[in-house]
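For reference, the structure is listed below as structure tokens.
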Amino acid sequence: MVGPTSRIRWRHRSGGLFLAVGCAVLRRPRLWPEALRQLPTVASRRYRTFRSVTAYGDPQRQPTVAEVLAWLGWARSFRRARTRHG
């Protein structure tokens, strides 16, 4: 059941995740450009819910910081490979 209290908890947890990911990205300058590119996407609650359902089967499940960093690394390499190969 999703009520006002669970939404507040979810927002609080997501704020903590954003802060933790932000601190981790600050320590990895090579990910800065990709993190900035992806920020509008991951800031969307709709996108985060979609990803939680498709990746974990649970709309309340959040990724770990390590998972977000791995995804940013993948997005960076995918963009670079696509740029090189047209």
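The values are calculated or read from the model by the stated rules, or taken from the named source; none is laboratory data. These numbers were taken from a predicted model, which means no experiment stands behind them. When we count neighbours, we look across all protein chains shown, and the Cβ atoms used for this are built from the backbone with ideal geometry, even at glycine. For the accessible areas, the whole protein counts, side chains as well, though only heavy atoms, and no ligand, DNA or RNA atoms are used. Shrake-Rupley method; radii C 1.70, N 1.55, O 1.52, S 1.80 Å.
Counting the residues of the range 29-52 that are of a type outside the set (Lys, Arg) and either modelled with pLDDT under 95 or in contact with a Phe, Trp or Tyr (Cβ under 9 Å, 6 or more places away or on another chain) (or both) gives 11. For the range 38-76, the tally of residues that are part of a helix (DSSP H, G or I), under 20 Å from LEU26 (Cβ atoms) and open to solvent by 60 Å² or more (accessible area, probe 1.4 Å) stands at 8. When the residues of the range 6-28 are narrowed to those that are open to solvent by less than 80 Å² (accessible area, probe 1.4 Å) and over 12 Å from VAL68 (Cβ atoms), which ends up modelled with the highest pLDDT? In this case the residue turns out to be GLY16.
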